[in-house]
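Participant: Take this structure, written in structure tokens, and hold onto it; I'll ask about it next.
The values are calculated or read from the model by the stated rules, or taken from the named source; none is laboratory data. What you are looking at is a predicted structure, and each value in this text was computed from that prediction instead of being measured. With ideal geometry, Cβ positions are generated from the backbone for all residues, glycine too; neighbour counts draw on all protein chains shown.
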Amino acid sequence: MKKQSILVVEDNALIVKFYRMALERQGGYKVYTTEDVDEILQLVRSGEIDLVILDISLSNAHYQNRKMDGIEIAGLIRQDQATARIPILVATAHAMEGDRAKIIAATGANGYLEKPIYDSRKLISEVESLLSTKE
Amino acid sequence: MTSQFSSFCEAIRERVVASVRAGDKMRNLDQGVTMETFREIKRYMHFSDEDVSVLKKLGPTMQPYLKEMAERFYAEIPNHPEAFKIFTGPEQINRLKQSLQRWGAGLFAGIYDENYVQERYLVGHTHVRINLPQKYVVSAMALVREFLHQVVNREIKDIPFRMQAHISLDKVLDLDLNLMCEAYFKSSVQALKEINQKLEEANRKLIESSQFKSEFLASTSHELRTPLSSVLGFIRLVLDGVCQSREEEMDLLNDAFHAAEHLLSIVNDLLDVARIEAGRLEIQSRRTEAKPILQQVISLTAVQAEQKSVKLIDKTDSIALPTVWGDSERLKQVFINIIGNAVKFTDRGSVTVNAQVDDKFVEFKVEDTGVGIAKERQAELFEKFKQVDSSLKRRYGGSGLGLAISKHLVERMGGKIQLHSEGLGLGTTVTFTIPVYVQ
């Protein structure tokens, strides 16, 4: 069976490194990472991506000369019929009361993880469960 | 008379409220209302030339009683528990008595013009200022009315003239009472307005500070969680045996270590800010040599600069720096913040450290060719917890507290700190002064 692919949208290089190690080595997934919004859209439209892990506060995400955050990126993915059904797992350090509900409502995310995300097995089981409901 | 009085008061009240709503300055309100009110009162009271001549005729008869009238008026007031305030000095009570006597003299000369109004206003305001309830003044006025009626009854034998005198007197006394009440009302409105303004201001500040605190809490939580993710994540991966070699393990542990160091620096900054907020940050200024501290910091930051291929230039080498008056640990912290920031926010080019000496201060100057900052946002940098662009913070790391802490430290040591940048992408210059030690 073909390896499933995960797109990680995250601005912190160390956290990207963690995702890569955990998802590739422990989960056996193929991992793509980028903050470039055009590249993100191109990847999800290619049909290659099975799940997107999305950070909310991003430092280098630009789209049409405008800074973007994870919420807006989720909006772009959701508004395109071809990509609307790709599961999105939000992973953010915003952890104040009410953030979770607000962000899920704004992104239409299928899953939500609060940083620090360090338990790689828990991460993988969350990813697995989202991928299985997708079918 | 009662309905006239109440409708008059209502009219005044409406005008005052409208003026307050329109945001008039109270001083203008005073004059405006006074003059117009006076005209209005005249209309209500139907003062006739006959009234004036009746009062004038009464004048010589009433003159000897005016002092007693004033005494009676103020004799009533001490029964009030707050009245001691009016007797803060015998002069004050005498002035008020004299003013009431003058009023009586004017009254029986047929004079009740603008001056009269101003005078009665003043007395009314004085009573308000000393917190004497209006009802108390009203009852003292009733006493004056009773007294004057008695005198008229005793002294004037001509019955029709006596009746006429009562009517004319009542008109003036009602006028007087109205003016007092108006003064009361206006003073109360003004006091209320002032209290309201203070409350609104306090409320605004509370809302601002509570928003600020929760934003700060949210941002701090975010900043702490990010490096914590790396610390815990990498250690977990190593423990789970994900690594394929010893080198890979060391690499991950190294990342975890640096993330933990970053976490520590944020925690230290937070503690400093908490101490500053609580007024408990201790600074122990003493004779201090700045040069060895500066050189130590430069050699520390040179490592980071080298990694980024940024040139770190020290021009203070050839300058003889005098002994300064400051806290060496805190001075070091300021150098680390300012020079560290310059290196952090410069991706190419150089960071230059320079110093200038006069007989009072050493001025340190740290100039970089880095990301710079838009002019309109430069002041915010020194405010606590504000790093200008939160995405910069993520790109460059840090608590965003360094400059605010440095400003506090420099000022506590008796110096000043300034930041200058021509704009985004055009580099930044930070200068700060530390006082020279004088024997």
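Participant: Identify, by number, the condition in (1) within 11 Å of chain B (Cβ to nearest Cβ); (2) crowded, with 18+ Cβ neighbours inside 10 Å; (3) under 22 Å from residue B:236 (Cβ atoms) that residue A:35 doesn't meet.
Facilitator: With respect to (1) within 11 Å of chain B (Cβ to nearest Cβ); (2) crowded, with 18+ Cβ neighbours inside 10 Å; (3) under 22 Å from residue B:236 (Cβ atoms), residue A:35 is out only on (3).
Participant: Does residue B:261 satisfy being within 42 Å of the chain's Cα centre (by Cα), part of a loop (DSSP other than H, G, I, E, B), of a type in the set (D, E, K, R) and away from chain A (no Cβ under 11 Å)?
Facilitator: Details: within 42 Å of the chain's Cα centre (by Cα): yes; part of a loop (DSSP other than H, G, I, E, B): no; of a type in the set (D, E, K, R): yes; away from chain A (no Cβ under 11 Å): yes.
Considered against the rule, which asks whether it is within 42 Å of the chain's Cα centre (by Cα), part of a loop (DSSP other than H, G, I, E, B), of a type in the set (D, E, K, R) and away from chain A (no Cβ under 11 Å), residue B:261 comes out as no.
Participant: Those residues that are crowded, with 16+ Cβ neighbours inside 10 Å and within 8 Å of chain A (Cβ to nearest Cβ), I need them from region B:210-220; list them, please.
Facilitator: Of everything in region B:210-220, just one residue is crowded, with 16+ Cβ neighbours inside 10 Å and within 8 Å of chain A (Cβ to nearest Cβ), namely B:218.
Participant: Looking only at region B:383-418, which residues are at pLDDT 75 or above and surrounded by fewer than 19 Cβ atoms within 10 Å (Cβ to Cβ)? I'd like the intermediate steps shown before the answer.
Facilitator: Pass one, region B:383-418, residues at pLDDT 75 or above: B:401-418.
Residues satisfying the conditions are B:411, B:412, B:414, B:416, B:418.
So that you can scan it fast, the table gives a plain yes or no per residue for (1) free of Cβ contacts under 8 Å to residues at least 40 places away in the same chain; (2) touching a strand residue (DSSP E or B) at 6+ places or on another chain (Cβ under 9 Å):
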| position | (1), (2) |
| --- | --- |
| B:240 | yes, no |
| B:255 | yes, no |
| B:259 | yes, no |
| B:276 | no, no |
| B:281 | no, no |
| B:302 | yes, yes |
| B:306 | yes, yes |
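Participant: Could you list all residues from region A:84-113 that are surrounded by fewer than 16 Cβ atoms within 10 Å (Cβ to Cβ) and not aliphatic (A, V, I, L, M)?
Facilitator: A:85, A:97, A:98, A:102, A:108
Participant: Could you give me the residue pairs with C-beta distances under 8 Å whose first residue belongs to region A:37-66 and is within 19 Å of residue A:83 (Cα to Cα) and touching a residue at least 60 places away in the same chain (Cβ under 8 Å), whose second residue is in a helix (DSSP H, G or I) and among the basic types (Lys, Arg) wherever it lies, and which are 6+ apart or on separate chains?
Facilitator: Here the result reads A:50/A:134; A:51/A:134, each pair linking region A:37-66 to a residue that is in a helix (DSSP H, G or I) and among the basic types (Lys, Arg).
Participant: Okay, moving on. Can you confirm whether region B:142-153 contains a residue that is modelled with pLDDT under 85 and either touching a Cys at 6+ places or on another chain (Cβ under 7 Å) or surrounded by fewer than 19 Cβ atoms within 10 Å (Cβ to Cβ) (or both)?
Facilitator: Yes, region B:142-153 has at least one match.
Participant: Across region B:222-258, what is the number of residues that are more than 7 Å from every other protein chain (Cβ to nearest Cβ) and either of a type in the set (S, T, N, Q) or under 21 Å from residue A:11 (Cα atoms) (or both)?
Facilitator: Number of matching residues: 14.
Participant: Tell me yes or no: at least one residue of region B:315-326 is crowded, with 17+ Cβ neighbours inside 10 Å and in a helix (DSSP H, G or I).
Facilitator: no
Participant: Pick out the one residue from A:22, A:109, A:74 that is at pLDDT 90 or above and at the interface with chain B (Cβ under 9 Å from one of its Cβ atoms).
Facilitator: On the way: A:109 fails: at the interface with chain B (Cβ under 9 Å from one of its Cβ atoms); A:74 fails: at the interface with chain B (Cβ under 9 Å from one of its Cβ atoms).
Going through A:22, A:109, A:74 in turn, the sole match is A:22.
Participant: Say we look at region A:1-19 and pick out the residues that are in contact (Cβ under 8 Å) with a residue 60 or more places away in the chain and not in a helix (DSSP H, G or I); which of these is nearest to the other protein chains (Cβ to nearest Cβ)?
Facilitator: A:10
Participant: Another question, if that's okay. Cβ-Cβ below 6 Å, separation at least six or inter-chain, first residue in region A:103-114 and at negative phi, second acidic (Asp, Glu): which pairs?
Facilitator: Correct list of pairs: A:111/A:126.
Participant: For region A:41-50, does any single residue satisfy the condition of being within 30 Å of residue B:243 (Cβ to Cβ) and in a helix (DSSP H, G or I)?
Facilitator: Here is the first cut: in region A:41-50, the residues within 30 Å of residue B:243 (Cβ to Cβ) are A:43, A:48-50.
Restricting the remaining residues to those that are in a helix (DSSP H, G or I) gives A:43.
Yes - at least one qualifying residue is present in region A:41-50.
Participant: What's the total number of residues in region A:112-135 that are within 14 Å of chain B (Cβ to nearest Cβ), in a helix (DSSP H, G or I) and in contact with a helix residue (DSSP H, G or I) (Cβ under 9 Å, 6 or more places away or on another chain)?
Facilitator: 4
Participant: Can you tell me which residue is farthest from the other protein chains (Cβ to nearest Cβ) among those in region A:83-103 that are hydrophobic (A, V, I, L, M, F, W, C) and in a loop (DSSP other than H, G, I, E, B)? Walk me through how you get there before you give the answer.
Facilitator: Restricting attention to region A:83-103, the residues satisfying the condition of being hydrophobic (A, V, I, L, M, F, W, C) are A:84, A:86, A:88-91, A:93, A:95-96, A:101, A:103.
Still in the list and also in a loop (DSSP other than H, G, I, E, B): A:84, A:86, A:93, A:95-96.
On the way: A:84: 28, A:86: 24, A:93: 4, A:95: 6, A:96: 5 Å.
Applying the filter and picking the extreme gives A:84.
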